[in-house]
Amino acid sequence: MNPKRKQRLIIVLFIVFGVGIAVGLTMFALSQNINLFYSPTQIVKGEAPENTRIRAGGMVVENSVQRDPNSLKVTFGMTDYAENVTVEFTGILPDLFREGQGIVAQGMMDESGVFQASEVLAKHDENYMPPEVADALEKAGKMPKPEAEVFNK
Amino acid sequence: MGKLLPWFAIVTAALLVSGIVWALAFAPSDYQQGNSFRIIYIHVPSAILAQSCYMLMAIAGAIGLIWKMKVADMVAKSSAPIGATMALLALVTGAIWGKPTWGSWWVWDARLTSMLILLFLYLGVIALNSAIESEATAAQATAVLALVGLVNIPIIKYSVEWWNTLHQPATFTLTERPAMPAEMWVPLLVMVIGFYCFFAVSLMLRTRNEILHRERRARWVRELIEKQ
C-alpha cells in the first residue's frame, strides 16, 4: 500500500475506534440513565431515586392481582424473583397483562412502600409459539418461565 | 452487473411474494398476541437490512476515502435512501405493533432510541450529500459522517442486552436456535433473504443511475441513449 493510502487508512481507523471508545465510555458513565426501568431489587435496596417518577419493571406475581369491584383500581405484586414490590394502578391495562407476565410501570413510591403506577406497559419476551403448542406445554407443565435476569441487569 | 440484475429481480419477487403469503396466511398465530405478531415478518427484515445497509454505506465510504474509488462513493450515496426507508419502515411497524402489545406507540428505551438515531444518521447523510455541490467533497464529508455513526450499530444490536429495555431481546440470531418454532421462523428467513435481494436489486439500479448521471456528458452515455 502506498504511504498516502496507508495514512488515510490510519485516519479512518482512528475515526472509527476513537469515536467508538469515546461513545463507549460515555455510555458506561450514563448506563444507569439509559436503563428504561429499575428492578424490584434495585428499588428495595434503595438504588432507585425516591420522591420522583421512575419506571419499575418485573414479573406480575402469580395469584397477586386484586381488582377493586367498584373501580378500575388494580393491586398486584411485581417481582424479579429476588424481591417483591406492590403496585397500585387505576386505569386500563394492556391486553397482554396477566399473572406471570413481564411489565414496566411508570409511577412513584409512596410512604407505605407501595408503587403508585400511572402507566402500565406489557413487556413481551422473545418467545413466540402457536396456541396449540402453548396449550400442550401448559398441560405437560413445561411452559418456559421467563428468566429473572431479563429484569436485572 | 447487467446480466445479474434480472435474475436478482426474479428471485426477489419470488421470495417476497411466497414469504408474505406464507407469513400472513399459513404461519400459525402466536399464543399471546394472536395475529398481530405477523408484523414481525416486515419489522425484523427491515430492521436487519437498515443496519446491514448502514455498514455497507460506511465501508463503501471508507473505501472511497482511502482508495479514492469513485464507484465506492456512488454505492455509498445510493445506499443511503434505501437504508433510510428501511429504518423508517422498522420504526413505523414497531410502533404499530407496540400499541396493542405494550400499550404504547413509543417508549424512549435504548433500542428504540438508537434505531431513531440510525434514521437521523441516514437523513443526515442524504442531506449532506445534497448540500455540497462538489461530488468528491460531498463523498468525503458523508463518508466521515457515516464512519462516525458506525458506532451506533453495535449499540442498536446490544442495547437489549446491556440495558433494561422494553424491547425484547432478539428472536433470531446467527448462533442460537430461534425462539420460535420452524413453521414461524422459516417464512421469516424467506422474508429476510427476500429483503436482502430487494436491497441488491435497488442498489444496483440506483448505482447505475448515479453513474449515468455523473457521466451524462460522456460520449458513451449519449451513444447508449441514441441506440434506444
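The values are calculated or read from the model by the stated rules, or taken from the named source; none is laboratory data. If you're wondering where the values come from, they're calculated on a predicted model, not measured in any experiment. Virtual Cβ from ideal backbone geometry, glycine too; neighbours counted across all protein chains shown. Please note that ligands, DNA and RNA were not included when accessible areas were found on the heavy atoms of the full protein model with its side chains. Shrake-Rupley method; radii C 1.70, N 1.55, O 1.52, S 1.80 Å.
Some observations on this one:
- Out of A:Phe17, A:Phe89, A:Phe76, one residue alone is within 28 Å of B:Tyr31 (Cβ to Cβ), within 12 Å of another protein chain (Cβ to nearest Cβ), over 14 Å from the mean Cα position of the chain (by Cα) and at pLDDT 90 or above. It is A:Phe89.
Conditions tested, residue by residue: (1) surrounded by fewer than 18 Cβ atoms within 10 Å (Cβ to Cβ); (2) within 14 Å of chain A (Cβ to nearest Cβ); (3) among the hydrophobic types (A, V, I, L, M, F, W, C); (4) part of a helix (DSSP H, G or I).
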position: B:Val11; (1), (2), (3), (4): yes, no, yes, yes
position: B:Phe37; (1), (2), (3), (4): no, yes, yes, yes
position: B:Ala62; (1), (2), (3), (4): no, yes, yes, yes
position: B:Trp108; (1), (2), (3), (4): yes, yes, yes, no
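- Selection count where residues are open to solvent by less than 60 Å² (accessible area, probe 1.4 Å) and at pLDDT 85 or above, scope the stretch A:37-51: 7
- Residue tally, condition within 12 Å of chain A (Cβ to nearest Cβ), surrounded by fewer than 16 Cβ atoms within 10 Å (Cβ to Cβ) and either among the charged types (D, E, K, R) or under 19 Å from the mean Cα position of the chain (by Cα) (or both), over the stretch B:171-197: 4
- Selection status of B:Ala84, away from every other protein chain (no Cβ under 14 Å), modelled with pLDDT of 95 or more, under 27 Å from A:Met27 (Cα atoms) and surrounded by 19 or more Cβ atoms within 10 Å (Cβ to Cβ): yes
- Considering the stretch B:136-228, the qualifying helices (runs of 4 or more DSSP H), each wholly inside and each with 2 or more residues that are within 26 Å of B:Trp108 (Cβ to Cβ), run over B:152-162.
Let's see how each residue does on (1) within 14 Å of chain A (Cβ to nearest Cβ); (2) within 23 Å of the chain's Cα centre (by Cα); (3) within 23 Å of B:Lys157 (Cβ to Cβ); (4) in a loop (DSSP other than H, G, I, E, B):
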{"residue": "B:Val21", "(1), (2), (3), (4)": "no, yes, no, no"}
{"residue": "B:Leu24", "(1), (2), (3), (4)": "no, yes, no, no"}
{"residue": "B:Gln32", "(1), (2), (3), (4)": "yes, no, no, yes"}
{"residue": "B:Tyr41", "(1), (2), (3), (4)": "yes, yes, yes, no"}
{"residue": "B:Pro45", "(1), (2), (3), (4)": "no, yes, yes, no"}
{"residue": "B:Ser52", "(1), (2), (3), (4)": "no, yes, yes, no"}
{"residue": "B:Leu65", "(1), (2), (3), (4)": "yes, yes, no, no"}
